[in-house]
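Student: One structure is given below, represented as structure tokens, and several questions about it will come after.
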Amino acid sequence: MEIASLLFQILRTETPRPHDRSHPGEPLNAGHRMDEPSRPWSGAVALLIEEDSLVRAAMWLVLTSWGVRVLDVPSLLVAERAVAEAGIVPTVVMTALNVGGSADGGDVFDLLPPILDRIGFAGPVVVTTGDTSPERSGRIAALGWTRLVKPFRPNELRAVLAECLPAARGR
């Protein structure tokens, strides 16, 4: 039920509605550049690693509405290939904590750093998780990553991105 609630919240708060027009007959967002201020990260690229397809779809919807290009994958196994196929190094990596495990032969703490090295990534990593244990939190912090506790709202995701990514300027 939390995922349905997240999707509803996203759609309710992020989707332009016809009544948002300032003048009848005027296109939505008229007078606003698409990269201002609702699209502060226009041109940024996120590698989104999330095993839950509904959560991945919801995050894709929100991130793209903010101007972020999203390379979304269900596991660490395909993350490196997705980046290679896109031919671009991400600006930010967002991963669920539990995308490793038996299928990948390890956990995100063991598997993600070598992948990041191979793709030439040195930017911010955001780990989304419901696990608030001191051990997990400590491991995330020790790697210099940012933790975003699930479930989260779009405004919480936006605040984390604001800390991790500079807003696009001059685009």
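Student: When a/c is below 1.5 the answer is rounded, else prolate if a/b is larger than b/c, else oblate, so apply that to segment 121-171 with a ≥ b ≥ c taken from the square roots of the Cα gyration tensor eigenvalues.
Tutor: Numbers: a/c = 3.67, a/b = 1.54, b/c = 2.38.
Since a/c reaches 1.5 but b/c is at least a/b, the shape of segment 121-171 is classed as oblate.
Student: Please calculate how many Å² of accessible area segment 52-171 carries per residue, with a 1.4 Å probe and no DNA, RNA or ligand atoms counted.
Tutor: Details: 5880 Å² over 120 residues.
Per residue, segment 52-171 has 49 Å² of solvent-accessible surface.
Student: What is the local net charge at LEU48, summed over the other residues whose Cβ is closer than 13 Å to its Cβ (Lys, Arg +1; Asp, Glu -1)?
Tutor: Values: positive: ARG56, ARG69; negative: GLU50, GLU51, ASP52, ASP72.
Charge balance near LEU48 sits at -2.
The values are calculated or read from the model by the stated rules, or taken from the named source; none is laboratory data. The structure presented is a predicted model; accordingly, all values stated were derived computationally and were not measured. Don't worry about glycine lacking a Cβ; one is built from the backbone with ideal geometry, like all the others, and counts go over all protein chains shown. For the accessible areas, the whole protein counts, side chains as well, though only heavy atoms, and no ligand, DNA or RNA atoms are used. Shrake-Rupley method; radii C 1.70, N 1.55, O 1.52, S 1.80 Å.
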